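See below for the structure under consideration.
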Amino acid sequence: MPNIPIHVTSARGWELLESELPEDLERLAREHKTLETQYGDAKLKSAGDLLRLIFLHAGADLALRQTVALMAESGGPKVSHVTLHKKMRLAAPLLRSLVTRLAGGGEVSPELWAGYEVIAVDASSFCGPGATTTEARVHLQLRLADLDILAAPCTRSCS
């Protein structure tokens, strides 16, 4: 992928992202049951549309209602913010599979590191509006071989 900024709100930005996705994306979505519906009148029918909504929501830092409105304006599927929320909750296994494929998860398997697991660790702190100190901290451990979250305790009232 070229080293240029991608604007997830533009059609060109989506085309660049889509060109990097695996060709069997729809099969992966079916395998992970991401697009299954309880009733037969699903408005969100393709894995590409779901990913575009997720990337738009996360990449442009939009609220769910703004995300679905922008997608509908651009000619995409017209879904409710509740539908997007529910689909995003179901999409974790699909996203994990995609990231593993795109990042080449085999390069960090324990077999290649003398049995050691390669783990990424992050510690983030958060403050609310008007706060003078850190109000919460989140520590995350992520095993890179399979992208499993090992620990994510949150500590509140960090004075």
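The values are calculated or read from the model by the stated rules, or taken from the named source; none is laboratory data. Here the structure is a predicted model, which means the values were calculated and not measured. Quick reminder, even Gly has a Cβ in these numbers, built from the backbone with ideal geometry, and neighbours come from all protein chains shown. These accessible areas exclude ligands, DNA and RNA; they are computed on the full protein's heavy atoms, side chains included. Shrake-Rupley method; radii C 1.70, N 1.55, O 1.52, S 1.80 Å.
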Normalised alpha carbon radius of gyration of the range 65-112 [divisor 2.2 N^0.38 Å]:
1.67
Regression test value, accessible area per residue of the chain, probe 1.4 Å, units Å², expected 67
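How about the range 4-111: which chymotrypsin sites (Phe, Trp or Tyr not before Pro) there lie in a loop by DSSP and see at most 12 other Cβ atoms within 10 Å? Walk me through the numbers on the way to the answer.
On the way: sites: TRP14, TYR39, PHE55; in loops: TYR39.
Hits after loop and neighbour filter: TYR39.
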re the chain: pairs of Cα atoms spaced beyond 23 Å account for a percent value of 53
Multiplying the sequence separation of PHE126 and GLU111 by 0.36 nm and subtracting their Cα-Cα distance, what value in nm do you get?
1.7 nm
Let me check I've understood the local charge: for MET71, count other residues with C-beta under 13 angstrom from its C-beta, Lys and Arg +1, Asp and Glu -1. What total comes out?
+3
